[in-house]
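Notes for the one structure printed next.
The values are calculated or read from the model by the stated rules, or taken from the named source; none is laboratory data. All values derive from a computational prediction rather than experimental measurement. Methodologically, a virtual Cβ is constructed for each residue, glycine included, from the backbone with ideal geometry; neighbour enumeration extends over all protein chains shown.
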Amino acid sequence: MTDQSRNALERLAANKHERLNARLKSRYNRERRFRAYGIASIALGLTFLAILLTTIFSQGLSAFWTTYVKLDVTYTPEVLYIDDATDESQLRLADYDGVIRQALSERFPEASGRQTMRNLTGMVSTSAGYRLRNRLMENPDLLGETETLWFLADDDVDLLMNGIIDRNLPESERRVNDQELEWIDSLVSSDQIERRFNTTFFTNGDSRDPETAGILGAAMGSFYTLIVTLALSFPIGVAAAIYLEEFAPKNRLTEIIEVNINNLAAVPSIVFGLLGLAVFINFFGLPRSAPIVGGLVLTLMTLPTIIISARASIKAVPPSIREAAMGLGASKMQVTLHHVLPLALPGMLTGTIIGMAQALGETAPLLMIGMVAFIVDIPGGFTDPATVLPVQVYLWSDSPERAFIAKTSAAIMVLLAFLAVMNLLAVFLRKKFERRW
Amino acid sequence: MYKKMIGTVVAAAATLAAVQAEARDQISIVGSSTVFPFATVVAERFGQTTSYPTPTIESTGSGGGLKLFCEGVGESTPDITNASRRIKSSEVELCASNGVEDIVEVLIGYDGIAVANSVNGPEMEVSKGELFLALAETVPNPNGSGLVENPYEQWSDIRSDLPNTAIRVFGPPPTSGTRDAFVELVMEEGCAEFDAIASLEDSDEDKFEEVCATMREDGAFVEAGENDTLIISRLDNDTSALGIFGFSFLDQNSDKVKSISVDGAKATFDNIADGSYAVSRPLFFYVKTAHVGVIPGIEEYLAEFTSRRAVGPNGYLIDRGLIPLSNAEYARMKDAVDNLKPLKM
């Protein structure tokens, strides 16, 4: 071989090497770009989550504290118009707002005039009168006595104490006028006004006064609804999945059923609401706005999810388990109940909990069956009128009173907490009972 | 095992039957989302001050509420429906065909519809006709005769002393009662101010209706959803835009938004009450006479809702943004309620 040809060969080899390197480099670059896209999409998602959570938390945290006003109230019979303390209807209908008015005018003796007195009594929540009534009806001996009590302040006072109403704005643009500001400052200087943890929010039902509105009614409604949903959808879903996986013959009919179940999982939930209205309320005559109907409708909605996940987890049990049990003489039912079901159960539970979490966040089907409603009394059973947490969020977000903005975010936080707990439970169950082969 | 299953099924059926048989002791109210914030306040007071349970109130919209209300007489149908417009004769017929013969109509007060902008935005003074020019799909040709697609892009194109900012108005979607009322009270009255359109009324009534009621869809009028709180937060961010929403939202958010004046008056409490601000609509509720005395508490609920302390000039609903009735209207309403006078169309 001559030098020349060797040189040519070397050049060729070097060239090839170069090309290879270049291609390799572009492949590496492509991979790096691909990863970068992935990271970017996750980062985008996280950013939106962070924005969502910060807005919810920054708006909602203030709802967990509320303002109280300390007043010395006297149950004067003449102010209350009570002449017979044993007469329950007199106690019920007495003028308790008058007691509050009197207590406030003793504290601010300079206030006079109809409008001024209205503004003054407006600083204390309307619930104060109901509270006095309940105290006096429980203990009629209080008539004529004086008590020092902390009352919920009106929502505007709370917003001011919280800095949401800016006191530096001109009076015409502010919900709290100059005189009310003066009263509040006076109460602050005599330690008669205080911000405390808002227990009312967790112990009350809905209310149109933001300061007395609470989440318990909606939470109980969600609870009863989900109990019905769980009690119906889990056994029905698991039974259907076991039959379809283990017993059903594989033919055209079961194929059609399978396709239909998968389709149902994607049907918009409002359709189930319409079905519920037609079947459960109009045909069976079940009451409107009741958790039992809500539960039935949400059962229809979650069943496909549960059946699909239950079937997947039954499929994941290795055939060798079934064959071994059969080999030892177990019947088909024994194989299923003793071996397949226990092994598939963690997966089924996970699917069920995710289905339940979905049901917890649902509002659309409930609109049709009357659960998007204003309900004050806390439901005590499956047939009492009730509403659910996401509906409460919707109703509050639509209320004109400014203080409901914070309540809305606080209710979202409660809802998110429930969802997080349910999902954690799903993760925990999977980790604890899952078996791998 | 099978016996147990049969037992469970029987028990379940029995519970269903029991649920059905249980009498309703709670007033059931449906209807308008505009009346909802007022009716709920009354219901809550009623629940607190009487021994009856608090009524349940569903926000279904005026039309949806009347449909449910007219389904028939009996416990499974609502007792009362709220409406932000008067019942239509077709709805009265529907009711009658389902056995709901006697209905009492209760006019509770008025609700103003505010046209407002951010407190940092410019002061504006427009007429209904100018609002029509800004918001309608087709308008009279500004330099000639006939109708053309809305050419106005800035307020100053309509009247030279208006701000030269782009027309952007956030308003409710067609499903909303507020939208219906706005179209009726502003657009339809505004369009009648123009000869080119007014002449249509005689020649082609359908066309006239269409021209007056169709809002433009080129981005100047933005349907912002049913939620008025949302419109207010958008106005807060965009000082040149206007918004259309209920008066109670204006009242509650006076630090963020201010009313512009329409036909020389701003949407203030006094202006709406004395009629000088003309964009306001009546609010009603309808009661099934057949249910009074059957479902406990309806009479007392009516008494509470129509009392002076609720809807009188200093009533607690007035604090929530309801515009009170005049004395004569109040007397007529109270008379109808006390004697359960059936509605006559």
Conditions (1) more than 30 Å from A:MET161 (Cβ to Cβ); (2) among the hydroxyl-bearing types (Ser, Thr, Tyr); (3) surrounded by 10 or more Cβ atoms within 10 Å (Cβ to Cβ): number failed by A:SER5:
(3)
Enumeration of residues in the stretch B:195-245 that are touching a residue at least 40 places away in the same chain (Cβ under 8 Å) and aromatic (Phe, Trp, Tyr)
B:PHE221, B:PHE245
Take residues that are surrounded by fewer than 17 Cβ atoms within 10 Å (Cβ to Cβ) and tell me which of the helices (runs of 4 or more DSSP H) falling wholly in the stretch A:129-237 contain 1 or more.
A:178-189, A:200-203
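Conditions (1) surrounded by 17 or more Cβ atoms within 10 Å (Cβ to Cβ); (2) away from every other protein chain (no Cβ under 12 Å); (3) on the phi < 0 side of the Ramachandran plot, marked per residue:
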| position | (1), (2), (3) |
| --- | --- |
| B:ILE244 | yes, yes, yes |
| B:LYS258 | yes, no, yes |
| B:ALA267 | yes, yes, yes |
| B:ILE272 | yes, yes, yes |
| B:GLY275 | no, yes, no |
| B:PHE285 | yes, yes, yes |
| B:HIS291 | yes, yes, yes |
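Given the criteria closer than 30 Å to B:PHE36 by Cβ, under 22 Å from the mean Cα position of the chain (by Cα) and away from chain B (no Cβ under 14 Å), does A:ILE215 qualify? Don't jump to the end; show me each part of the working.
Values: closer than 30 Å to B:PHE36 by Cβ: yes; under 22 Å from the mean Cα position of the chain (by Cα): yes; away from chain B (no Cβ under 14 Å): yes.
Yes: the conditions hold for A:ILE215.
Can you name every one of the helices (runs of 4 or more DSSP H) wholly within the stretch A:355-437 that holds 2 or more residues which are within 14 Å of another protein chain (Cβ to nearest Cβ) and closer than 20 Å to A:VAL297 by Cα?
Details: elements: A:364-368, A:389-397, A:404-433.
The helices (runs of 4 or more DSSP H) meeting that bar are A:364-368, A:389-397.
This table checks each residue for (1) crowded, with 18+ Cβ neighbours inside 10 Å; (2) in contact with a strand residue (DSSP E or B) (Cβ under 9 Å, 6 or more places away or on another chain); (3) not acidic (Asp, Glu).
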{"position": "B:PRO163", "(1), (2), (3)": "no, yes, yes"}
{"position": "B:VAL169", "(1), (2), (3)": "yes, yes, yes"}
{"position": "B:PRO172", "(1), (2), (3)": "yes, yes, yes"}
{"position": "B:GLY177", "(1), (2), (3)": "yes, yes, yes"}
{"position": "B:ALA181", "(1), (2), (3)": "yes, yes, yes"}
{"position": "B:LEU200", "(1), (2), (3)": "yes, yes, yes"}
{"position": "B:GLU205", "(1), (2), (3)": "no, no, no"}
Some residue of the stretch B:241-264 being modelled with pLDDT of 90 or more and more than 22 Å from the chain's Cα centre (by Cα):
yes
Residue among A:GLY98, A:GLY113, A:GLY129 that is within 14 Å of chain B (Cβ to nearest Cβ) and in contact with a Leu (Cβ under 7 Å, 6 or more places away or on another chain):
A:GLY98
State which residue is surrounded by the most Cβ atoms within 10 Å (Cβ to Cβ) when the search covers only the stretch A:75-101 and only residues that are within 13 Å of A:LEU136 (Cα to Cα) and of a type in the set (Gly, Ala, Ser).
A:ALA94
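For the stretch B:22-36, indicate whether the set of residues that are part of a helix (DSSP H, G or I), modelled with pLDDT of 90 or more, closer than 30 Å to B:ARG320 by Cα and within 11 Å of chain A (Cβ to nearest Cβ) is non-empty.
Within the stretch B:22-36, the first condition is being part of a helix (DSSP H, G or I), and the residues that meet it are B:36.
Next cut, modelled with pLDDT of 90 or more only: B:36.
Filter once more, keeping what is closer than 30 Å to B:ARG320 by Cα: B:36.
Now narrow it down to the ones that are within 11 Å of chain A (Cβ to nearest Cβ): B:36.
Checking the stretch B:22-36: at least one residue is part of a helix (DSSP H, G or I), modelled with pLDDT of 90 or more, closer than 30 Å to B:ARG320 by Cα and within 11 Å of chain A (Cβ to nearest Cβ).
Residues checked against (1) among the hydroxyl-bearing types (Ser, Thr, Tyr); (2) in contact (Cβ under 8 Å) with a residue 60 or more places away in the chain; (3) at positive phi; (4) touching a Ser or Thr at 6+ places or on another chain (Cβ under 8 Å):
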site	(1), (2), (3), (4)
A:ALA364	no, yes, no, yes
A:VAL372	no, no, no, yes
A:TYR394	yes, no, no, yes
A:PHE404	no, yes, no, yes
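Determine whether B:SER233 is within 14 Å of chain A (Cβ to nearest Cβ) and among the small types (Gly, Ala, Ser).
On the way: within 14 Å of chain A (Cβ to nearest Cβ): yes; among the small types (Gly, Ala, Ser): yes.
So B:SER233 fits the description; yes.
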For the stretch A:96-124, name all the residues that are at pLDDT 85 or above and assigned to a loop (DSSP other than H, G, I, E, B).
A:PHE108, A:PRO109, A:GLU110, A:GLY122, A:MET123
Taking only the stretch B:44-97 into account, find how many residues are within 13 Å of chain A (Cβ to nearest Cβ), closer than 19 Å to B:THR34 by Cβ, part of a loop (DSSP other than H, G, I, E, B) and β-branched (Val, Ile, Thr).
1
Could you grab me the full set of residues in the stretch B:300-345 that are surrounded by 15 or more Cβ atoms within 10 Å (Cβ to Cβ) and either within 12 Å of chain A (Cβ to nearest Cβ) or acidic (Asp, Glu) (or both)?
B:GLU300, B:GLU304, B:GLY315, B:TYR316, B:LEU317, B:ILE318, B:ARG320, B:GLY321, B:LEU322
